[in-house]
Amino acid sequence: MKLLLLVAATDFNTGVDITWGGDRAKILEGGRSLQLTLDKASGSGFQSKNQYLFGKVDMQIKLVPGNSAGTVTAYYLSSQGPTHDEIDFEFLGNLSGDPYTLHTNVFTQGKGNREQQFKLWFDPTKDFHTYSLLWNPQHIIFSVDGIPIRDFKNAESRGVAFPKNQPMRLYSSLWDAEDWATRGGLIKTDWTKAPFVASYRNFNADACVWSSASGSTSCSSSATITAPTKRAPWLSQSLDSNGEQKLKWVRQNYMIYDYCNDRGRFPQGLPSECAI
């Protein structure tokens with residue numbers, strides 16, 4: 001029988017595993033914070049110990065300060081394999097004084113190409129800010145400091161796959177992508193500014209934890225999923241009118257790219273979900 005539990009993890013020692021980069025990734029303050037470092041030899045990264053099938057994940061991140069051109073700080077949920085699902089935040093560095101680009105994407109059954117990009121309304125290197133992913137059977141909502149910036153809706157009725165069967169882990173990494181990250185690769189990483197450091201705290205996963213012992217690939221029939229409780233309001237959450245207004249404000253003032261407006265990229269017609 002499948003085991004689904006609601007959890008909240010705030011201790012990095014018990015909530016994540018350092019997966020690469022050696023001592024460039026460090027858990028600090030008794031598990032209350034984590035630091036990723038990038039130098040010319042290597043970046044670094046971590047992943048959640050648990051896999052989730054629906055949930056709300058929050059992380060406070062302070063991005064690489066100063067000249068961060070060429071660097072990418074990635075924070076995302078992902079399953080594994082050629083038909084993987086993935087929900088992405090990627091923070092693309094820039095020259096000192098120029099704003100970061102916040103890049104988002106959604107992969108379903110191995111298919112991505114659903115990029116939306118934003119500038120932020122604050123300097124993400126001066127302090128910690130909360131970046132949240134809410135994932136339930138009908139919505140994937142990206143939020144920054146509680147303000148929704150993107151709502152990817154279930155469009156299965158239009159033949160668009162939606163992530164709902166593959167459990168995903170949370171991953172984060174700091175790495176060098178100077179060939180494309182800043183102005184399409186025109187601005188390269190300045191290694192005299194290394195090491196580059198991104199800082200993390202307050203990791204919380206209010207989510208359904210997947211048990212691989214059962215070998216089950218779907219939790220859509222679980223009573224826990226179809227009958228959300230007060231313990232898991234996110235299971236049926238959507239944007240209310242206030243949330244829709246905030247989303248509209250972000251799109252009008254801070255969105256710099258939307259694949260649904262890029263007709264030149266899709267000469268045979270925009271993807272079906274763009275009609276929603």
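Things worth noting here:
- Top-ranked residue in region 49-102 [being buried (at least 22 other Cβ atoms within 10 Å of the Cβ), among the polar types (S, T, N, Q) and in a strand (DSSP E or B); ranked as farthest from the chain's Cα centre (by Cα)]: Thr71
- Test result for Leu92, in contact with a strand residue (DSSP E or B) (Cβ under 9 Å, 6 or more places away or on another chain) and farther than 16 Å from Ala207 by Cα: yes
- Test result for Ser236, open to solvent by 40 Å² or more (accessible area, probe 1.4 Å) and in contact with a helix residue (DSSP H, G or I) (Cβ under 6 Å, 6 or more places away or on another chain): no
- Selection status of Asp123, open to solvent by 10 Å² or more (accessible area, probe 1.4 Å), out of contact with any Asp or Glu (no Cβ under 9 Å at 6 or more places or on another chain), more than 30 Å from Gly264 (Cβ to Cβ) and not in a helix (DSSP H, G or I): yes
- Restricting region 30-41 to residues that are loosely packed, with under 15 Cβ neighbours inside 10 Å and free of Cβ contacts under 8 Å to residues at least 24 places away in the same chain, the residue that is farthest from Ile18 (Cα to Cα): Ala41
- With respect to (1) in contact with a helix residue (DSSP H, G or I) (Cβ under 9 Å, 6 or more places away or on another chain); (2) of a type outside the set (Gly, Ala, Ser); (3) over 26 Å from Ile18 (Cβ atoms), the lone exception for His139 is condition (1).
The values are calculated or read from the model by the stated rules, or taken from the named source; none is laboratory data. Quick caveat: nothing in here was measured; it's all calculated off a predicted structure. Glycine also receives a Cβ, built like all others from the backbone with ideal geometry; neighbour counts cover every protein chain displayed. Just so you know, the surface numbers come from the protein's heavy atoms only, side chains and all, with ligands and any DNA or RNA stripped out. Shrake-Rupley method; radii C 1.70, N 1.55, O 1.52, S 1.80 Å.
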